[in-house]
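Q: Dropping a structure here in structure tokens format, bear with me for questions.
The values are calculated or read from the model by the stated rules, or taken from the named source; none is laboratory data. If you're wondering where the values come from, they're calculated on a predicted model, not measured in any experiment. Glycine also receives a Cβ, built like all others from the backbone with ideal geometry; neighbour counts cover every protein chain displayed. These area figures cover heavy atoms from the full protein model, side chains too; ligands, DNA and RNA do not enter into them. Shrake-Rupley method; radii C 1.70, N 1.55, O 1.52, S 1.80 Å.
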Amino acid sequence: MIFVGGSPLFSSSSSSQGSENLQALLEHPVLISATDSFKAIPERKISVPEGSGLEGSTQIKHVYIFQREYATVDPALVELVGTDEATTCVGLVIRNQKTGMTSVAHMDSPEIVDFGLAQMLSLVADPRLDAELDVHLIGGYEDTSCEVCPHCSGISVSDRHIEPEGYSFPLCSKIVEVLHKRQEIFHIQTLCILGHNTRRDSDGNTYPIFNGFVVETSTGSVKPATFDRSSRCPDEIVRRIRVTVSCGDPSWNGKLLETYDTHIDRFQIAPCSWVPYWRRHAFILQKLSDPEILLKCSTSPYAEGPDFVDNERRVFDYLIQHPNWKDTFPMRKPRIFHRSADGGWIKC
């Protein structure tokens, strides 16, 4: 069930589609005000200072989430949790108001929403209690034009039948649809998505305003944020590989990638397999020019960050050098990283 401003937005018996409910949320004055407040917050830049030389060495205990990953964190163990590099993807935050347990996911496809939400809620919503859950949606933008824009035109909700194409709108619609159908109480606090997260250049091209955010787990405060390479840890390249090849691994169909052990504050990066084809494919892609890689590898080639192509090339290099997934995940065991004394990560 979805609540806004303390009141249910839709009847529990409502059979409205996700797109219709999404349009109602985008027009809600409480959420418009909250989005304006979110946009006024200075963007926080997360970086790991040089220190002991350990991967991810920092005094602030944080957990970073890549595309298609999720993590649920305990505020007693983790100070910050967040993600970035989102263009057509959507970052979802679910936080238990009583316990402070916070789950963050970087969703990239409607196909992972149903099971992905169940994964996130497994450690956030206690079935024995009537949990009140705060929800924040940040990311996705108007990645394609549409004849009827669902949140900035003057047409009433009841008269809108044309949905925009692209990647962001179907994903946002699916998330809202599943939140509405579930029995838990979801209080939507931030809705910085689609038109609310879109800027235009002088030629009318669209770009996301924000690509990431960070959650302060002790308070639940959510702020715009970017992470540099030093803070996208641990095991950056292997986790990027999983995003690339998980579509071909049937064990991850419809699921978010598991990446973090909540109970003992360690990264437990679940295995993912790939076939020799990926090495051949990486060889081909590595020979392309930077603009060609953008067009081949991104759903939003004109909205990616300046390091997108470099990150892709590092992924290609790894696949070329490690064509057998068993070298990366021997015996299909997870890759485990313990938290060091100074907050960084040490591989077991």
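Q: With respect to ILE293, is the statement that it is aliphatic (A, V, I, L, M), open to solvent by less than 20 Å² (accessible area, probe 1.4 Å) and either assigned to a loop (DSSP other than H, G, I, E, B) or farther than 30 Å from ALA118 by Cα (or both) true?
A: Yes, satisfied.
Yes/no matrix, rows are residues, columns are (1) of a type in the set (Val, Ile, Thr); (2) in contact with a helix residue (DSSP H, G or I) (Cβ under 6 Å, 6 or more places away or on another chain); (3) closer than 28 Å to ASP307 by Cα:
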{"position": "THR83", "(1), (2), (3)": "yes, no, yes"}
{"position": "CYS89", "(1), (2), (3)": "no, no, yes"}
{"position": "GLN97", "(1), (2), (3)": "no, no, no"}
{"position": "MET101", "(1), (2), (3)": "no, no, no"}
{"position": "MET107", "(1), (2), (3)": "no, no, yes"}
{"position": "LEU117", "(1), (2), (3)": "no, yes, no"}
{"position": "LEU123", "(1), (2), (3)": "no, no, no"}
{"position": "ASP126", "(1), (2), (3)": "no, no, no"}
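Q: Still on this model: Cβ-Cβ below 6 Å, separation at least six or inter-chain, first residue in segment 199-228 and free of Cβ contacts under 8 Å to residues at least 24 places away in the same chain, second among the polar types (S, T, N, Q) and open to solvent by 30 Å² or more (accessible area, probe 1.4 Å): which pairs?
A: Every condition considered, the pairs that remain are ARG200/THR206.
Q: A further question on this structure: Could you list, in sequence order, the residues of segment 282-308 that are more than 24 Å from GLY204 (Cα to Cα) and hydrophobic (A, V, I, L, M, F, W, C)?
A: Hits for segment 282-308 are ALA282, PHE283, ILE284, LEU285, LEU288.
Q: Consider only pairs whose beta carbons are under 8 Å apart and that are at least six residues apart or on different chains; among these, list those whose first residue lies in segment 168-195 and is at negative phi and whose second residue is open to solvent by 40 Å² or more (accessible area, probe 1.4 Å) and hydroxyl-bearing (Ser, Thr, Tyr).
A: If the second residue must be open to solvent by 40 Å² or more (accessible area, probe 1.4 Å) and hydroxyl-bearing (Ser, Thr, Tyr), the pairs left are HIS180/SER16.
Q: So THR102 ticks every box in (1) crowded, with 24+ Cβ neighbours inside 10 Å; (2) at pLDDT below 95 but one. Which box is left unticked?
A: The failed condition is (2).
Q: Which of (1) open to solvent by 30 Å² or more (accessible area, probe 1.4 Å); (2) at pLDDT 95 or above; (3) more than 29 Å from LEU80 (Cα to Cα) does TYR302 not meet, given it meets every other one?
A: If we test TYR302 against (1) open to solvent by 30 Å² or more (accessible area, probe 1.4 Å); (2) at pLDDT 95 or above; (3) more than 29 Å from LEU80 (Cα to Cα), just (2) comes out false.
Q: Among the residues of segment 216-225, are any within 27 Å of THR144 (Cβ to Cβ) and hydroxyl-bearing (Ser, Thr, Tyr)?
A: Within segment 216-225, not a single residue is within 27 Å of THR144 (Cβ to Cβ) and hydroxyl-bearing (Ser, Thr, Tyr).
Q: Right, next: Kindly indicate the residue of segment 319-348 that is charged (D, E, K, R) and farther than 23 Å from LEU80 by Cβ and also least open to solvent (accessible area, probe 1.4 Å) among those meeting that condition.
A: Keep residues of segment 319-348 that are charged (D, E, K, R), which gives 326-327, 332-333, 335, 339, 342, 347.
From what's left, farther than 23 Å from LEU80 by Cβ: 326-327, 332-333.
Values: LYS326: 115, ASP327: 103, ARG332: 88, LYS333: 115 Å².
Looking at the filtered set, the residue picked out is ARG332.
Q: A further question on this structure: Inspect segment 272-284 for any residue being modelled with pLDDT of 95 or more, under 30 Å from ALA118 (Cα atoms) and under 20 Å from the mean Cα position of the chain (by Cα) and give the result as yes or no.
A: Looking for residues that are modelled with pLDDT of 95 or more, under 30 Å from ALA118 (Cα atoms) and under 20 Å from the mean Cα position of the chain (by Cα), one finds at least one in segment 272-284, hence yes.
Q: Being at pLDDT 90 or above and assigned to a loop (DSSP other than H, G, I, E, B) is the filter here, so list the residues in segment 147-182 that pass it.
A: Passing the criteria: TYR167, ARG182.
Q: Right, next: For residues that are small (Gly, Ala, Ser), assigned to a loop (DSSP other than H, G, I, E, B) and open to solvent by less than 40 Å² (accessible area, probe 1.4 Å), scanning just segment 105-135, find the one that is modelled with the lowest pLDDT.
A: ALA131
Q: Follow-up. Does segment 81-99 hold any residues that are open to solvent by less than 10 Å² (accessible area, probe 1.4 Å) and in a strand (DSSP E or B), and which are they?
A: Those that are open to solvent by less than 10 Å² (accessible area, probe 1.4 Å) and in a strand (DSSP E or B): VAL81, GLY82, THR83, VAL90, GLY91, LEU92, VAL93, ILE94, ASN96.
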